[in-house]
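Data block below; observations after.
The values are calculated or read from the model by the stated rules, or taken from the named source; none is laboratory data. The structure displayed is predicted, hence computed values, not measured ones. Note: ideal-geometry Cβ built from the backbone for every residue, glycine included; neighbour counts use all protein chains shown. With ligands, DNA and RNA removed, areas are computed over all heavy atoms of the protein, side chains included. Shrake-Rupley method; radii C 1.70, N 1.55, O 1.52, S 1.80 Å.
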Amino acid sequence: MGVLDLWEMIRPELLTAALATLQLALGALLLGLVLGLLLALARLGGNPLLGRLAGIYIEIFRGTPALLQLFIIYFGLAAIGVTFSSFQAAVIGLGLNAAAYLAEIYRAGLEAVPKGQTEAAQAIGMTRGQVLAWIVLPQALRVVLAPIGNVAISLLKDTSVASLIAAPDLMLRAQDLSSQYFMPLEIYLIVGAMYFALCFPLSLLVRRIERAQERRS
């Protein structure tokens, strides 16, 4: 059986699995974006306790493997009665992990906004929330877009570890098909090409954003 014949046979299953992979990556990214921003604001907010707790969270999740975190959420929490489906555990685990990296990206972006603008806005009567929403965040967003894109690319590839907790992603389907057709090399090469096809457009977008930022600077 040739590779093209094999592709025709397994294409529907792999495309379905690729869609599940995109949903997994998107769910984890959304969780990471929201939680990462909250962590960054906690670190910069001036409350020592919240800043210290956010810092501990970031160091723990950046300093331990994502796979270990998935195992704790899926297997460890089940031991104390907290259960998630494999898909839910993968979204939560990868999202919590991504949040630690995104928090540092957000923090760098927020700190890049000149403090004089914040002080000027407060001087004309804007509240802290208004300054953040209308002055700081829009400017910080331009700084963090490209790094966030890089995190999204890494997250899309890292979804492959979710197969180890049986999350229904592209890599798990590849393992099943490899056992079914006994053509592991061909199947994994096809899946590798699919991951590349998913990530490459994001890479192009990140490069375009970086070039636009270079022109503005």
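Brief remarks on what is shown
- Within the range 34-58, residues that are in contact (Cβ under 8 Å) with a residue 40 or more places away in the chain and closer than 22 Å to residue 152 by Cβ have Cβ atoms under 7 Å from residues that are part of a helix (DSSP H, G or I) and β-branched (Val, Ile, Thr) in these pairs: 39/58, counting only partners at least 6 apart in sequence or on another chain.
- Which numbered condition residue 118 fails, given (1) at pLDDT below 95; (2) within 30 Å of residue 197 (Cβ to Cβ): (2)
- Here the range 74-106 is the region considered, the condition is being touching a helix residue (DSSP H, G or I) at 6+ places or on another chain (Cβ under 6 Å) and polar (S, T, N, Q), and the residue that is surrounded by the most Cβ atoms within 10 Å (Cβ to Cβ) is 97.
- Of 104, 119, all but one fail to be touching a residue at least 24 places away in the same chain (Cβ under 8 Å) and more than 30 Å from residue 166 (Cβ to Cβ); the exception is 104.
Every residue, every condition in (1) open to solvent by less than 60 Å² (accessible area, probe 1.4 Å); (2) touching a Ser or Thr at 6+ places or on another chain (Cβ under 8 Å), yes or no:
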residue	(1), (2)
142	no, no
152	yes, no
156	yes, yes
162	yes, yes
168	no, yes
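- The range 1-20, subset open to solvent by less than 30 Å² (accessible area, probe 1.4 Å) and touching an Asp or Glu at 6+ places or on another chain (Cβ under 7 Å), residue nearest to residue 189 (Cα to Cα): 6
- Qualifying residue in the range 21-33 (condition: closer than 30 Å to residue 129 by Cα, open to solvent by 80 Å² or more (accessible area, probe 1.4 Å) and either in contact with a Leu (Cβ under 6 Å, 6 or more places away or on another chain) or modelled with pLDDT of 95 or more (or both)): yes
- Residues satisfying the stated conditions in the range 119-139, i.e. open to solvent by less than 50 Å² (accessible area, probe 1.4 Å) and either of a type in the set (Val, Ile, Thr) or in contact with a Phe, Trp or Tyr (Cβ under 7 Å, 6 or more places away or on another chain) (or both): 131, 135, 136
- Which numbered condition residue 135 fails, given (1) over 27 Å from residue 198 (Cβ atoms); (2) at pLDDT 95 or above: (2)
- Residues that are of a type in the set (A, V, I, L, M, F, W, C), buried (at least 18 other Cβ atoms within 10 Å of the Cβ), touching a Gly at 6+ places or on another chain (Cβ under 6 Å) and modelled with pLDDT of 95 or more do occur in the range 55-73, at least one of them.
- A single entry from 210, 214, 186 fulfils the requirement of being loosely packed, with under 14 Cβ neighbours inside 10 Å and of a type in the set (Asp, Glu): 214.
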